[in-house]
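Trainee: I'd like to ask some things about the structure below.
The values are calculated or read from the model by the stated rules, or taken from the named source; none is laboratory data. Here the structure is a predicted model, which is why all the values come from computation and not from measurement. We place every Cβ from the backbone using ideal geometry, glycine too, and count neighbours over all the protein chains shown.
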Amino acid sequence: MKKILVTGALGQIGTELVMYLRKHYGEDNVIASSRSRKAGAEKLIESGKFELVDVTNAQQIADVVKKHNVDTVINLAAVLSAVGEKNPTLTWEINMGGLFNILEVARETGISVFTPSSIAAFGPSTPADNTPQDTIQRPTTMYGVTKVSGELLCDYYFQKYGVDTRGVRFPGLISYEALPGGGTTDYAVHIYYDAIEKGKYTSFIAEGTYMDMMYMPDAIDAIVQLAEADPSKLVHRNAFNVSAMSFAPEHVCAEIQKHIPNFVMDYDVDPIRQSIADSWPNSLDDSAAREEWGWNPKYNLSSMTVDMLEKLKIKLG
Ligand code: AKB
């Protein structure tokens, strides 16, 4: 990666990824982009190159790739699972239309494309525990449909046109810089904010619901390590299972209580997000990522909780 365009750069992943990439590849070599200038994202927009790019507009992508001589696109523009169920058409347009436009630009210009998939690419008929790398994928959300279709489309562009496409299936991502926007795993971020600000949290996901999770520094490492990996070693290019931990709401609650003993949690389960969570795996087998490009996450629930609480205490005052 020498000149990197990040789409959807003002979201939860992009906010931290762009800062990391600018530090490691040079400020001038990373172009953050989004379809609008989100309030609150001034720091990122003003700290380096920024372009307005709506991924549903193929010409805008092609123009920015040409203008900055881009060689890699990291495509983070996506509608997440819970919002996706409220607006399936928009989800298809952005997640699939946007990816298709980027792949077409890649086919024409020879650039590489990194696109995250998700645990949402699995569904209720997938084996839920230690979910294999290669298994049944019949998701029941529009977000999941776009993620499994995206995996296939990226495979197709690699096989048919030789486009260097790569991706991981991210679990729920936990971070303190920017909030996630409309996912099912968001409870695992909100709980930390509410623990510090209110001392209590009401979970919209039910007790006993296991999902894979990961702390943002590990997610950034996953993107950079796979993007930099030796292509001759990659068998599963576009959809590596990656995970760092698997827990249910009561486990993260108990972990927070070790640091904030008075913290309490109750439940007010949201039927839509609960049914999405129930359709996803409990825990992934990420051995292919470990074998093919050395995936090895650093944070578990306990070390993540220490860091999250420390960073959020500073941030929230
Ligand atoms: C969501 O909950 O929609 C996302 C995801 C797991 O892809 N965080």
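Trainee: What residue, of A41, A78, A32, A62, is buried (at least 16 other Cβ atoms within 10 Å of the Cβ), modelled with pLDDT under 95 and outside the structural domain of I272 (by the TED database)? Outline the logic, then answer.
Mentor: Working: A78 fails: modelled with pLDDT under 95; A32 fails: modelled with pLDDT under 95; A62 fails: modelled with pLDDT under 95.
Sole residue among the options that is buried (at least 16 other Cβ atoms within 10 Å of the Cβ), modelled with pLDDT under 95 and outside the structural domain of I272 (by the TED database): A41.
Trainee: Within the range 196-244, restricting attention to residues that are out of contact with any Leu (no Cβ under 8 Å at 6 or more places or on another chain) and of a type in the set (D, E), which residue is farthest from D186 (Cα to Cα)?
Mentor: It comes out as D230.
Trainee: Give the number of residues within the range 271-299 that are surrounded by 15 or more Cβ atoms within 10 Å (Cβ to Cβ) and assigned to a loop (DSSP other than H, G, I, E, B).
Mentor: The qualifying residues number 9.
Trainee: Under the condition of being in contact (Cβ under 8 Å) with a residue 24 or more places away in the chain and assigned to a helix (DSSP H, G or I), which residue from the range 233-257 is surrounded by the most Cβ atoms within 10 Å (Cβ to Cβ)?
Mentor: Residues of the range 233-257 that are in contact (Cβ under 8 Å) with a residue 24 or more places away in the chain, as a first pass: 233-253, 255-256.
From the residues that got through so far, the ones that are assigned to a helix (DSSP H, G or I) too are 233, 249-253, 255-256.
Numbers: K233: 10, P249: 23, E250: 15, H251: 16, V252: 25, C253: 19, E255: 20, I256: 21.
Filtering the range 233-257 for residues that are in contact (Cβ under 8 Å) with a residue 24 or more places away in the chain and assigned to a helix (DSSP H, G or I), the one surrounded by the most Cβ atoms within 10 Å (Cβ to Cβ) comes out as V252.
Trainee: So, one more: Which of the residues that make up the range 55-90 are in contact with a helix residue (DSSP H, G or I) (Cβ under 6 Å, 6 or more places away or on another chain) and away from the ligand (no atom under 16 Å from the Cβ)?
Mentor: Correct list: V55, T56, A58, I61, A62, V65, V73.
Trainee: Within the range 295-302, identify whether any single residue is of a type in the set (G, A, S) and within 16 Å of the ligand (Cβ to nearest atom), and answer yes or no. Quick ask: steps written out before the conclusion?
Mentor: Applying the first criterion (of a type in the set (G, A, S)) to the range 295-302 yields 302.
Then keep just the ones that are within 16 Å of the ligand (Cβ to nearest atom); that gives none.
No - not one qualifying residue is present in the range 295-302.
Trainee: Can I ask one more? Here is a list: A128, A82, A121. Which entry is in contact with a strand residue (DSSP E or B) (Cβ under 9 Å, 6 or more places away or on another chain) and within 18 Å of A277 (Cα to Cα)?
Mentor: Values: A128 fails: in contact with a strand residue (DSSP E or B) (Cβ under 9 Å, 6 or more places away or on another chain); A82 fails: in contact with a strand residue (DSSP E or B) (Cβ under 9 Å, 6 or more places away or on another chain).
Unique residue meeting the criteria: A121.
Trainee: A follow-up question, please. State yes or no: is D230 buried (at least 17 other Cβ atoms within 10 Å of the Cβ), in the same structural domain as T140 (by the TED database), away from the ligand (no atom under 16 Å from the Cβ) and not aromatic (F, W, Y)?
Mentor: no
Trainee: Additional query: Please count how many residues of the range 146-181 are surrounded by 20 or more Cβ atoms within 10 Å (Cβ to Cβ) and small (G, A, S).
Mentor: Total meeting the criteria: 4.
Trainee: A further question follows. Is it the case that some residue within the range 258-272 is touching a Cys at 6+ places or on another chain (Cβ under 6 Å), in contact (Cβ under 8 Å) with a residue 24 or more places away in the chain and aliphatic (A, V, I, L, M)? Break it down stepwise before answering.
Mentor: Taking the range 258-272 and keeping what is touching a Cys at 6+ places or on another chain (Cβ under 6 Å), we get 265.
With in contact (Cβ under 8 Å) with a residue 24 or more places away in the chain added as a condition, the list becomes 265.
With aliphatic (A, V, I, L, M) added as a condition, the list becomes 265.
For the range 258-272, residues touching a Cys at 6+ places or on another chain (Cβ under 6 Å), in contact (Cβ under 8 Å) with a residue 24 or more places away in the chain and aliphatic (A, V, I, L, M): present.
Trainee: Here's something else I'd like to know. For the condition over 21 Å from the mean Cα position of the chain (by Cα) and among the β-branched types (V, I, T), what is the one hit in V65, V113, V73?
Mentor: After applying the criteria, what remains is V65.
Trainee: Kindly indicate whether any position in the range 94-109 is part of a loop (DSSP other than H, G, I, E, B) and in the same structural domain as V6 (by the TED database). Break it down stepwise before answering.
Mentor: Start the filter on the range 94-109 by keeping residues that are part of a loop (DSSP other than H, G, I, E, B), which leaves none.
Checked against the condition, which is being part of a loop (DSSP other than H, G, I, E, B) and in the same structural domain as V6 (by the TED database), the range 94-109 yields no hits at all.
Trainee: Sort out for me the strands (runs of 3 or more DSSP E) sitting completely within the range 7-84 that have 2 or more residues that are touching a Leu at 6+ places or on another chain (Cβ under 9 Å) and in contact (Cβ under 8 Å) with a residue 60 or more places away in the chain. Can you show your working first?
Mentor: On the way: elements: 30-34, 49-52, 72-75.
Counting at least 2 such residues, we get 72-75.
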